[in-house]
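Below is one structure, written out as structure tokens, with a few remarks after it.
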Amino acid sequence: MEIEELKAEAKDHVELQRHQLIQLSLNIHDNPELGFEEEKASAWLTGYLEDSGFNIEQGIANLATAFRATYGRGNPRIALLAEYDALPKIGHGCGHNIIAASAVGGAVASKLIIDQLGGSVIVLGTPGEEIFGGKIDIVKAGAFKEIDVAMIVHPNTLNMVTVQTLACSPLEVEFFGRPAHAAAQPYEGINALDAMILAFTSINSLRQHIKAEARIHGIITDGGEAPNIVPAHTAAVFLIRALDDDYLTQLKGKVLNCFKGASLASGARLEYRWRDRAYAPMKNSTTVAGLFKHNLESLGRHVEDYDPRFGFGSTDMGNVSQVTPSIHPTIAIAPPEVFIHTLDFASAAVSEAGHEGLMDAAKAMSMTVADILQPGMLGTIKQEFKSG
Ligand SMILES: [Zn+2]
Ligand SMILES: [Zn+2]
């Protein structure tokens, strides 16, 4: 069968699934589950894939809500990645319900391509993207060693096939002071909250002198017990982000110095811990992105070049992209003034535009599977990955 016929059949097969895919998306959206607690979403997605002839492995990389669903046999192995975690209080304000439904829809529609051209299509269920970076565990467990190409499509306000994301390192800090009556014997106290506020102030001063794309931001998770007790303990979580790992390392040292200086000034003892799940920057496969772009445009979507003004975030797909040729395109489901991680974006994720984004993402991914399986294409993709 000619490739254009295969692509047409794959698109038709996504359309055949329209009702089920939208229902999956709505169910996940209506039942928001936080990272690593996505039991319902994981069960619905694997149930759908099992009914569609996929072989299911639940709970990979020691993550109960992660899964691998495989169709086909042998190489090449192309993975479509699903995310399905929600955000505290705003539910699916990142639209991961669309990511999940488009990945399974695209994979099921790819079955007929696999039947014709060989290889395997795999859905990897990757939980806890927002807070924990579940893909980092899945990468560490070696699950991507056998994957040749990985794709995930994230809803947003523009159609873009490459994105720039930041390396990101989470830092937990604590200050330990000494309690005292804040009015009667304040001289007996060591104020752990002062230490924390000093550190915030130092970081604010540092911020003027860092590269434009870098970001430092945090919250205080323990600010003391009562206003009449000198705070003996404070805690905070910070995220430090930069365009590349080298600058991130430099910046981490400077941020840490802000905490060390605050410790010295206040007398409160500092303890800190870099969380071991750090997000890597995105390395886009331009070859796969080019194929995806052509397919997305054939569906009538206008694709924009990546614009740095679009804003920077971080994703654990960055870690996948460092070990496997990957793309992380965005699909437009909302007007530009609606930003992700808001209640408005959560509404957009179940709007008509959201449903169309889901359908087009699934179609473009299955069409791209057909492209990747053309003779010679994987060699080109791997060569570019090695030289990048
Ligand atoms: Zn998000
Ligand atoms: Zn997201």
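Taking θ as phi - 60° and the Karplus parameters 6.51, -1.76 and 1.60, the scalar couplings of segment 302-316 work out to 8, 9, 8, 6, 4, 10, x, 5, 4, x, 10, x, 10, 8, 6 Hz in sequence order, x denoting glycine and proline. What does the C-alpha gyration tensor say about the overall shape of segment 2-104? Classify as rounded when a/c is under 1.5, otherwise prolate if a/b is larger than b/c, or oblate. Oblate.
Taking a straight Cα-Cα cut-off under 16 Å and skipping sequence neighbours fewer than 8 places away in the same chain, the lysines within cross-link reach of Lys145 are Lys135, Lys382, Lys386.
Extension gain, Ala226-Glu271: 0.36 nm per intervening residue step, less the Cα-Cα distance, totals 14.0 nm.
Of the peptides 113-124, 305-316, the order by per-residue mean of other Cβ atoms within 10 Å, starting with the highest, comes out as 113-124, 305-316. Rounded to the nearest 10 degrees, what's the angle between the helix 96-117 long axis and the longest principal axis of the chain, both from Cα atoms, 0 to 90? The answer is roughly 30 degrees.
Between helix 192-207 and the chain there is an angle of about 60 degrees, using the helix long axis and the longest principal axis of the Cα atoms. This model, with +1 at the C-beta of Lys and Arg and -1 at the C-beta of Asp and Glu, gives the chain a dipole about its Cα centre of some 1180 debye.
Counting charges near Ser263 (Lys, Arg +1; Asp, Glu -1) among other residues having Cβ under 12 Å from its Cβ returns a value of -1. Taking a ≥ b ≥ c as the square roots of the eigenvalues of the alpha carbon gyration tensor, the chain is prolate, as a/c is not under 1.5 and a/b beats b/c. Pairwise inverse Cα distances across segment 1-62, averaged and inverted, put the Kirkwood hydrodynamic radius at 13.7 Å. Subtracting the Cα-Cα distance of Thr342 and His294 from their residue separation scaled by 0.36 nm leaves 14.2 nm.
Taken along the Cα-to-beta-carbon direction at a fixed 7 Å, the label points for Glu50 and Asp115 span 2.3 nm. Tell me, what is the FRET efficiency for Ile197 and Glu172 to the nearest 0.05, using R0 = 25 angstrom and their Cβ-Cβ distance as r? For R0 = 25 Å, the calculated efficiency reads 0.90. Largest GNM mean-square fluctuation across His96, His302, His29, computed for the chain with C-alpha springs under 10 Å, falls on His302. With a simple spin-label model that places each label point 7 Å from the Cα along the Cα-to-Cβ direction, the separation between Ser387 and Lys89 comes to 4.9 nm.
Normalising the average separation of contacting C-alpha pairs (under 8 angstrom, six or more residues apart) by the number of residues puts the relative contact order of segment 263-379 at 31 percent. Among beta bridges from DSSP that stay inside the chain, the antiparallel ones total about 70%. For the chain, the longest principal axis of the C-alpha atoms and the axis of helix 245-266 are separated by about 20°.
At full extension, Ile3 and Ser351 could sit 122.0 nm farther apart than now, given 0.36 nm per residue minus the alpha carbon distance.
So what is log10(I(q)/I(0)) for segment 313-386 at q = 0.14, 0.26 1/Å, when the Debye sum runs over its Cα atoms only? Computed log10 I(q)/I(0) values: -0.63, -1.18. Across segment 318-326, rounded Karplus estimates of 3J(HN,Hα) from the backbone phi angles (6.51 cos²θ - 1.76 cosθ + 1.60, θ = phi - 60°) give x, 5, 4, 5, 7, 10, 9, x, 9 Hz, Gly and Pro being marked x.
When the chain is treated as a GNM, springs tying every alpha-carbon pair under 10 Å, which of Cys168, Cys258, Cys94 comes out with the largest mean-square fluctuation? Taking springs between Cα atoms under 10 Å, the residue moving most is Cys258. Shape verdict for segment 263-388, please, from the Cα gyration tensor: rounded (a/c under 1.5), prolate (a/b greater than b/c) or oblate. Here segment 263-388 falls in the oblate category.
The solvent-accessible area of Leu343, taken with every protein chain present and a 1.4 Å probe, is close to 110 Å².
Tally Lys/Arg at +1 and Asp/Glu at -1 over every other residue whose Cβ is under 13 Å from the Cβ of Gln58; what's the total?
Computed value for this residue: -3.
Label point of Gln322 set 7 angstrom out along Cα-Cβ; within segment 258-277, amide nitrogens under 18 Å from it belong to 274-277. Near Ile190, the amide H atoms lying under 5 Å from its own belong to Arg178; only residues 5 or more places off or on other chains count, and H is placed 1.01 Å from N.
Among the trypsin sites (Lys or Arg not before Pro) in segment 1-89, those placed in a DSSP loop whose Cβ has at most 13 other Cβ atoms within 10 Å are Lys89. Of the residues Gly354, Leu343, Val320, the one whose Cα sits farthest toward the positive end of the charge dipole of segment 292-356, with +1 on the Cβ of Lys and Arg and -1 on the Cβ of Asp and Glu, is Val320.
Spin-label pair Asn62-Asp246: with each label point 7 Å from Cα along the Cα-Cβ axis, the two points sit 3.3 nm from one another. Using the Cβ of Asp276 as centre and a radius below 12 Å, the other residues enclosed give a net charge of +2, where K and R count +1 and D and E count -1.
The values are calculated or read from the model by the stated rules, or taken from the named source; none is laboratory data. Keep in mind that this is a model prediction, so the values were computed, not measured. We place every Cβ from the backbone using ideal geometry, glycine too, and count neighbours over all the protein chains shown. With ligands, DNA and RNA removed, areas are computed over all heavy atoms of the protein, side chains included. Shrake-Rupley method; radii C 1.70, N 1.55, O 1.52, S 1.80 Å.
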